[in-house]
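Each remark here refers to the structure printed beneath this line.
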């Protein structure tokens, strides 16, 4: 009887499962609308785009994503291996510093480096006026595909670094120690043991990098690269052709789905299992003086380029423009950012907790599919998702037109489609996977024994959650909320497209200043975004060290 009761509970449909299913179907609606848009009859603009421009969009998007993935994998894996397997000067500092670039959105880095390295920028001005050097402009022009790849790589490699380092720290010790005992050379061990062993973690981090690049709008627009995302903006706002924008979004979504399937296939090709139930930390080897200095120097160069230099430059510009930018409207913009982010995070974490709890309690194909649908939004670029969300809300407004007229709001009134509700809804769909994965990982760590014991004592699913499970997973819930907050504060394409009229956030204001060639004025909103990101990263690291994340 002891083992039958939990089994019965797991197959009993309840409110948690129903809410999870409704959330999954709701999250699927925007994507369905975009994909069905491919079935309609194309217009003349689409014929022109397809014949003369579509191939360029596809090639440039793939080159940008592929080049960034290649560089971030090399940098992230090497740094993860160095900080995990070896001890050298500044290792502890660099292990933390390599995570800090996550606090800087790539579009802010693009504006900063683009201005710093220009002819009138601080770098060339210092060389001309102080050192008396005349430099070749070719070596400082980063407004190109290569420059964009460098910018993305500097500020996205932490995705690969974090995931690979976590895997190596927790799951690789026995394999690597055996290779060392067998007399394997460190370089040979890296290529023959570490890389195959970390394949799943590397592919997982690389896929996140690819999704971030394909989601980008600010870097591509600033550097003049014709990607799918910039094409969607141009078609929607430049040509006022929503139908062609939907078709571009559908094609980009098809590409994303293909990448997602390829990522899952690559991660399942090889599986490694620990020979014991408990893993021991990998013992770090001390590098010699010269290799240690080289490792520390290379690490400091990467840390300086990816965080400290751009922050320092932004701080200088902020001092120059403080009086022009810092006013009552700026405080209102900060309030807008914090308010919409807090509301979206609170709602998406509620949905994430419900879905994760339902999936582990009522294990079935239905809950498995629901969890996958809820997690799908993160892989959809913001520009693509915004079109689907807008279409859904326009459809709702159309069906509620009679109610709006009866309420005295007028005919053909757009209520939901011009409100913060639509923006918050889009945030929830886009970043629900961040919160869900954190909560799901927290549930995996605590197992089922406490929950089953509670139900054996007569407590229901809801009572068990609040009395037993929530205190145990609160660290995971807080971790998910921190990561989701960080992503929402940085989000640009989705916010630009769906924000209500005259509603600015820090991200949109920084973009507007940069677009108007007021790079220096963009420093203060950029620094506040970075500060919020820095606090979030520090909290995430602190909770990870305490074992709560």
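The values are calculated or read from the model by the stated rules, or taken from the named source; none is laboratory data. A quick note: this is a predicted structure, and the numbers were derived from the prediction, not measured. Here Cβ is always computed from backbone atoms with ideal geometry, including for glycine, and neighbour counts include all displayed protein chains.
General remarks:
- Residue in the stretch 517-541 that is surrounded by the fewest Cβ atoms within 10 Å (Cβ to Cβ), counting only those that are in contact with a helix residue (DSSP H, G or I) (Cβ under 9 Å, 6 or more places away or on another chain) and outside any helix (DSSP H, G or I): 518
- Residues satisfying the criterion are present in the stretch 496-503 (criterion: touching a helix residue (DSSP H, G or I) at 6+ places or on another chain (Cβ under 8 Å) and crowded, with 24+ Cβ neighbours inside 10 Å).
- Residue satisfying condition, being surrounded by 20 or more Cβ atoms within 10 Å (Cβ to Cβ) and assigned to a helix (DSSP H, G or I), within set 195, 168: 168
- Residue 159 vs. criteria out of contact with any strand residue (DSSP E or B) (no Cβ under 9 Å at 6 or more places or on another chain), modelled with pLDDT of 85 or more and closer than 30 Å to residue 84 by Cβ: yes
- Residue, farthest from residue 490 (Cα to Cα), within the stretch 433-451, restricted to residues that are surrounded by fewer than 19 Cβ atoms within 10 Å (Cβ to Cβ), in contact with a helix residue (DSSP H, G or I) (Cβ under 7 Å, 6 or more places away or on another chain) and modelled with pLDDT of 75 or more: 446
- Positions within the stretch 23-80 being under 30 Å from residue 193 (Cβ atoms) and surrounded by fewer than 16 Cβ atoms within 10 Å (Cβ to Cβ), in sequence order: 66, 70, 74
- A count restricted to the stretch 96-110 and to residues that are part of a helix (DSSP H, G or I) and either crowded, with 21+ Cβ neighbours inside 10 Å or more than 20 Å from the chain's Cα centre (by Cα) (or both) stands at 9.
- In the stretch 478-515, the qualifying residues are those that are closer than 16 Å to residue 217 by Cβ and outside any helix (DSSP H, G or I), and the one that is modelled with the highest pLDDT is 505.
- Residue 26 in a helix (DSSP H, G or I), at pLDDT 85 or above and within 23 Å of residue 376 (Cβ to Cβ): no
- Out of 474, 430, sole residue that is part of a helix (DSSP H, G or I) and surrounded by fewer than 22 Cβ atoms within 10 Å (Cβ to Cβ): 474
- Matching residues in the stretch 85-95 - criterion: being part of a helix (DSSP H, G or I) and either in contact with a strand residue (DSSP E or B) (Cβ under 6 Å, 6 or more places away or on another chain) or modelled with pLDDT under 90 (or both): 85
- No other residue among 355, 318 is closer than 24 Å to residue 491 by Cβ and either outside any helix (DSSP H, G or I) or assigned by the TED database to the domain that holds residue 496 (or both) apart from 355.
- Checking 63, 82 one by one, the residue that is under 27 Å from residue 253 (Cα atoms), in a helix (DSSP H, G or I), in the same structural domain as residue 165 (by the TED database) and touching a residue at least 40 places away in the same chain (Cβ under 8 Å) is 63 and no other.
- Selection within the stretch 267-306 - modelled with pLDDT under 80 and either buried (at least 17 other Cβ atoms within 10 Å of the Cβ) or under 30 Å from residue 232 (Cα atoms) (or both): 282
- Test for residue 325: is it in contact with a helix residue (DSSP H, G or I) (Cβ under 7 Å, 6 or more places away or on another chain), surrounded by 13 or more Cβ atoms within 10 Å (Cβ to Cβ) and within 29 Å of residue 121 (Cα to Cα): yes
- Taken as a whole, the structure places residue 375 among residues that are within 18 Å of the chain's Cα centre (by Cα), buried (at least 16 other Cβ atoms within 10 Å of the Cβ) and under 20 Å from residue 23 (Cβ atoms).
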